[in-house]
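What follows is one structure encoded as structure tokens, with my remarks underneath.
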Amino acid sequence: MINQIQSLGRSALDFFERLGRGHILLLDLLKGIPSVVVRPVLIIQQLYSVGVLSLIIIVVSGFFVGMVMGLQGYNTLVDFGAEESLGVMVALSLVRELGPVVTALLFAGRAGSALTAEIGLMKATEQLSAMEMMAVDPIRRVLAPRFLAGFISMPLLAAMFSAVGVLGGFFVGVGLLGVDDGAYWSQMQASVDVYDDIYNGVIKSLVFGLVVTWIAVFEGYDAIPTSEGVSRATTRTVVHSSLAVLGLDFILTALMFG
Amino acid sequence: MEENNTLVKVRNLKFARGGRMIFDGVNLDIQRGKVTVIMGPSGTGKTTLLRLIGRQIKPMEGTIEVDGEEVTTLRHRQLYELRKRMGMLFQNGALLTDLSVFDNIAYPLREHTNLSEELIRTLVIMKLQAVGLRGARDLMPAELSGGMSRRVALARAIALDPMMIMYDEPFTGQDPISMGVLVRLIRNLNDALGLTSVVVSHDIEEASSIADYIYLLSGGKVVAGGTVDDLANSDSEWAQQFMKGKPDGPVPFHFQAQPYVSDLKIG
């Protein structure tokens, strides 16, 4: 009994210790951003590997999600004779919810896991220690550019996702199911609000970008420097950031649209 | 021992990890321009000592002075300034795997200086020539053998012309030829560049052949210190066991256990 209470206490302490280390790292990352901004080449390299290389999975998924939305939406709306509103439905769902959330989940799987594995392996092979001894701060040189690149990439990727999704919905709704072309676009234009819908979506994806990259970078930096430790850290990145995205999405939605 | 001739001065160093005391009051001095070897059985924290000197970790107690500066209390910026004057060779080289050999050696130069690419190229080639790997400049770290990686890492460690280099187990797992190369390089670079070298090792023969001074560590303390001859003729049982590689002595062959006979009877 005592043992169980002890181990419960120990794991609670471990949890809060990790949480503390995570926040200290976040502060260090934020402090490191000015030194990254003066060397844009570092960010550009990371934008490529974090953002550009995630583009294909985002675009393809966006297109399919849009097509499914087109099909499902049409089948429901046609019962009420409201299939002309398909464009609005597809666009609002994408811009407010699916764009930021699905992009963040895909981003966590594609780029987040890669970031954790890369940083974790650099730690395991003493590359981070070697940098420290060369008087190069790994937080500023390695972690901060990746963090910033993730934060910048996420809203851009979410925008691509939504844009391609709208096209996917158009392809199915207008191209295959015969919804009126003009109605699809004009209703969308009339009903989607820049502030309420698009800006809120962008805010969501900025928050998700921050959280997912922070978790990914922290897990890599905090990984136990063995192959098992790195593999566990990679798994944790995907699990924790997916849960964080879904939880935060609820909170943000409640705040924005509730 | 002249005071101003000491580059690294460690006093009453205490450090524990996971509840185990690794250093319990270590005192040692490292002389400028000399090759100082720190030896001891595996697990005595030799690598930890180097990390403490470079302040990658902080001690619980005690002082570590490097070139007159107290490293345990340095601020971030001052610490990084000091590290520019320290080189460290990690056991596996710790080269940056996404950069070629050339770029690895150019890395500290590019990070810390505003030299032109032309000048950097000249410097890198000079450093590579010093370790005999000028022809390997376009290879990636994954294409190098263990010994070559360490030589590239050595070239990188001397890129900024530091005042001292710390070698972490440089001879471990090397074939006789690359071992010989490394032994010669450590001595030659030390003398030619006027460096101070700290070598952590348990390869007695190789380390002894280049050591100006040797410290033996065991049980969290310096148990003996002196030149190679001093230690070979030392009365200390411990020094005798270690230098001659005897399996039993002050460091027992058996790990701590209950008496053998009672252990057998239990089953």
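Coordinate-derived values only; no laboratory data. All values reported here derive from a predicted model rather than from experimental measurement. Note that we place each Cβ from the backbone using ideal geometry, even for glycine, and neighbour counts take in every protein chain shown.
Among the numbered conditions (1) touching a Lys or Arg at 6+ places or on another chain (Cβ under 9 Å); (2) of a type outside the set (Asp, Glu); (3) surrounded by fewer than 24 Cβ atoms within 10 Å (Cβ to Cβ), the only one that A:PRO145 does not meet is (3). Scanning the range B:79-96 turns up no residue that is more than 28 Å from B:ARG151 (Cβ to Cβ) and in contact with a Ser or Thr (Cβ under 7 Å, 6 or more places away or on another chain).
On the basis of being more than 12 Å from every other protein chain (Cβ to nearest Cβ) and either over 29 Å from B:THR172 (Cβ atoms) or touching a strand residue (DSSP E or B) at 6+ places or on another chain (Cβ under 8 Å) (or both), does B:GLU81 make the cut? Taking the combined requirement at face value, the residue does not satisfy it. The residue of the range B:22-55 that is surrounded by the fewest Cβ atoms within 10 Å (Cβ to Cβ), among those that are of a type outside the set (Gly, Ala, Ser), assigned to a loop (DSSP other than H, G, I, E, B) and touching a helix residue (DSSP H, G or I) at 6+ places or on another chain (Cβ under 6 Å), is B:ARG32. Among residues of the range B:242-258 being among the hydrophobic types (A, V, I, L, M, F, W, C) and outside any loop (DSSP other than H, G, I, E, B), the one that is nearest to B:GLY43 (Cα to Cα) is B:PHE242. If the condition is being under 25 Å from A:LEU148 (Cα atoms) and not charged (D, E, K, R), then the range A:1-27 contributes A:LEU19, A:GLY20, A:GLY22, A:HIS23, A:ILE24, A:LEU25, A:LEU26, A:LEU27. For B:THR63, state whether it is touching a helix residue (DSSP H, G or I) at 6+ places or on another chain (Cβ under 8 Å), farther than 27 Å from B:ILE204 by Cβ and hydroxyl-bearing (Ser, Thr, Tyr). Yes. In the range A:144-199, the qualifying residues are those that are part of a helix (DSSP H, G or I) and of a type in the set (D, E, K, R), and the one that is nearest to A:GLY51 (Cα to Cα) is A:ARG146. Residues of the range B:135-144 that are under 20 Å from B:ASN92 (Cα atoms) and either in contact with a His (Cβ under 8 Å, 6 or more places away or on another chain) or without any contact (Cβ under 8 Å) to a residue 40 or more places away in the chain (or both): B:ALA136, B:ARG137, B:ASP138, B:LEU139, B:GLU143. One residue stands out among those in the range B:107-123 that are within 12 Å of chain A (Cβ to nearest Cβ) and farther than 20 Å from A:ILE119 by Cα: the one that is surrounded by the most Cβ atoms within 10 Å (Cβ to Cβ), which is B:LEU109.
The residue of the range B:40-78 that is nearest to B:TYR167 (Cα to Cα), among those that are hydroxyl-bearing (Ser, Thr, Tyr) and away from every other protein chain (no Cβ under 12 Å), is B:THR48.
If you go through the range B:193-232 and keep only what is assigned to a loop (DSSP other than H, G, I, E, B), touching a strand residue (DSSP E or B) at 6+ places or on another chain (Cβ under 7 Å) and among the charged types (D, E, K, R), you end up with just B:ASP212. Within the range A:171-210, being β-branched (Val, Ile, Thr) and over 18 Å from A:LEU255 (Cα atoms) holds for A:VAL172, A:VAL174, A:VAL179, A:VAL192.
Tell me yes or no: at least one residue of the range A:120-139 is more than 24 Å from A:GLU228 (Cβ to Cβ), of a type outside the set (Ser, Thr, Tyr), within 23 Å of the chain's Cα centre (by Cα) and within 14 Å of chain B (Cβ to nearest Cβ). For the range A:120-139, residues more than 24 Å from A:GLU228 (Cβ to Cβ), of a type outside the set (Ser, Thr, Tyr), within 23 Å of the chain's Cα centre (by Cα) and within 14 Å of chain B (Cβ to nearest Cβ): present. Residues that are closer than 14 Å to A:ALA91 by Cα, surrounded by fewer than 18 Cβ atoms within 10 Å (Cβ to Cβ) and among the small types (Gly, Ala, Ser) within the range A:181-215 comprise A:ALA183, A:SER186, A:ALA190, A:SER191, listed in sequence order.
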